[in-house]
Structures are given as structure tokens and as C-alpha cells.
1. For His96, what charge total do you get from the other residues with a beta carbon under 9 Å from its beta carbon, if Lys and Arg give +1 and Asp and Glu give -1?
2. Relative contact order of segment 105-196: what whole-number percent is it, with Cα pairs under 8 angstrom and at least 6 residues apart?
3. Peptides 162-171, 75-84: what's the order by average Cβ count within 10 Å, highest mean first?
4. Along the three principal axes, how long is segment 133-215 when you take its alpha carbons, biggest first, rounded to the nearest angstrom?
5. Round to the nearest 0.05 the FRET efficiency obtained for Lys103 and His58 when R0 = 30 Å and r is the Cβ-Cβ distance.
6. Sorting check: for 183-193, 17-27, which peptide has the highest mean count of neighbouring beta carbons within 10 Å, and how do the rest follow?
7. Once you list every other residue whose beta carbon is under 10 Å from the beta carbon of Ala177, what net charge do they have if Lys and Arg are +1 and Asp and Glu are -1?
8. So what's the back-of-envelope 222 nm ellipticity for the chain, counting only DSSP H runs of four-plus at -39500 (n - 2.57) apiece and dividing by all residues, rounded to 500?
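Just so it is clear, none of the values below were taken in a lab; they were calculated from the coordinates. Not measured: the values here are computed from a predicted model. Positions of Cβ are generated from backbone atoms using ideal geometry, with glycine treated the same way; all protein chains shown enter the neighbour counts.
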Amino acid sequence: MGGDDEVDLDGRRLRTRRSRAAMSAAAFDLLTERGLGSVAVEDIAVRAGVTRRTFSRHFASIEEAVLADLDQDVHLFNEALCRRPLSEPPLIAYRHAVRDWLKVEYGGPRADLFVRRWALFQRFDDEPALYASYQRIRQEGQQESVRIIAARLGTDPVADLRPAAAVAAGSGMLIAALQAWALGTDPGSLPELIEAFFDTLAGLITDIHHEESPS
């Protein structure tokens with residue numbers, strides 16, 4: 001009896017994930033075809049093969065549907081950050097978590113997600129409402145990253161500046177890489193860009209240490 005219930009629950013969860021993915025893909029496709037201002041919830045529902053009510057159960061707005069994959073990215077990254085060894089310093093843990101996230105999310109059969117994310121980032125300049133929603137997702141994700149690093153250090157993130165400083169530096173490099181990526185012509189260049197920005201940050205930190213060291 002319990003086994004049948006578990007199978008049924010797993011089936012419902014799978015259908016829910018597929019339904020959300022279909023609606024998010026439909027929202028993204030309509031965005032690229034028409035622009036956000038010309039997309040209605042009914043259009044997304046028809047394209048995804050669901051009812052308007054189903055859409056409203058899953059998403060509070062069209063922007064939320066379009067950005068569903070990016071919202072998931074934030075959560076998956078923070079999960080990767082939680083899994084990094086406690087022995088790693090905060091900024092190193094952040095950098096390695098980015099690598100782990102990219103390896104899982106964009107490797108192998110999921111490599112086509114690079115193209116979709118790349119196209120989405122290229123739309124932000126033309127869609128300020130979409131960009132504002134993305135900023136909210138990003139900021140909430142960074143706040144969670146600060147809490148994770150503070151827990152790793154066993155410290156208070158208000159009294160101890162290290163968690164916020166590590167996240168600000170790490171997320172700054174990630175954002176800079178994403179911006180450069182969106183301006184480029186190769187959707188597959190993101191991992192290399194991220195590594196280059198983190199390497200540059202390491203060089204700048206070394207320069208600061210040299211400047212402050214007594215001669």
C-alpha cells in the first residue's frame with residue numbers, strides 16, 4: 001500500500017516538474033518572439049498546453065515563469081556551496097561551488113541550457129521589468145549564500161564581515177563573467193570567463209597585499 005502511494009506521489013511530482021518546465025519554456029519562447037509586453041498568461045498557457053489556472057498555481061507573474069530556470073540555478077548553486085568541505089576558506093569555497101554547479105547543470109545532456117541562458121541575459125537591456133525580477137532573485141540568493149558561509153564559519157553574519165565580503169567578491173566575479181558572456185558570441189564560453197575573472201581577482205588581492213607589506 002505504501003509502495004503504491006510513493007509511486008503515485010513520485011508520478012505527481014514528475015508531472016508537476018514537467019508542467020512547470022513546459023510553462024517556463026513557453027514563456028521564454030514567447031518572450032523571444034514578441035517581447036515581454038506582448039505576452040499574456042493565456043498565450044503561455046495555450047503554448048504549454050495547460051489552463052490559465054494551472055499557470056497561476058505555479059507562477060505569480062510572467063517574469064517569474066521566464067526566470068524559473070535562473071531561480072533554480074540560484075538554489076542549486078547554494079546547495080553546491082553547502083556541500084563544499086568546511087576546511088576551504090569562504091571565497092575558495094564559493095569559487096569551487098561555482099565550478100561544481102556549472103559541471104552538473106551545464107555538462108553533458110544539459111549543455112543546451114547554455115544557449116537558453118545566454119539568450120535570456122541578452123534580453124535584459126530591452127526588458128527592464130525582467131531584469132528587475134532577476135535582480136531580486138539574485139539578491140535573495142546572495143543573502144542565502146551569506147547565511148551558508150556564516151554557518152560554515154560558525155559566526156554571526158552581522159558582526160563578522162567575512163561572509164558578506166566573500167559573497168560580494170564571489171558573486172561580483174560571477175556577475176561580471178555573465179555580463180561579458182552576454183556580450184559575446186559563444187554561449188559555451190561561460191566557464192572559461194568565470195575562471196578568468198576569479199584569477200584576475202586573485203591577482204588584484206595579491207597586489208593589495210604587496211602594497212600593504214612593509215618594504
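1. Once all neighbours under 9 Å are counted, the net charge is +1.
2. Rounded, it is 29 percent for segment 105-196.
3. Taking the mean over residues of other Cβ atoms within 10 Å, the ranking is 162-171, 75-84.
4. 42, 41, 18
5. The computed FRET efficiency comes out at 0.60.
6. Highest mean packing first, the order is 17-27, 183-193.
7. Taking every Cβ under 10 Å from that of Ala177, the sum is -2.
8. -26000 deg cm²/dmol
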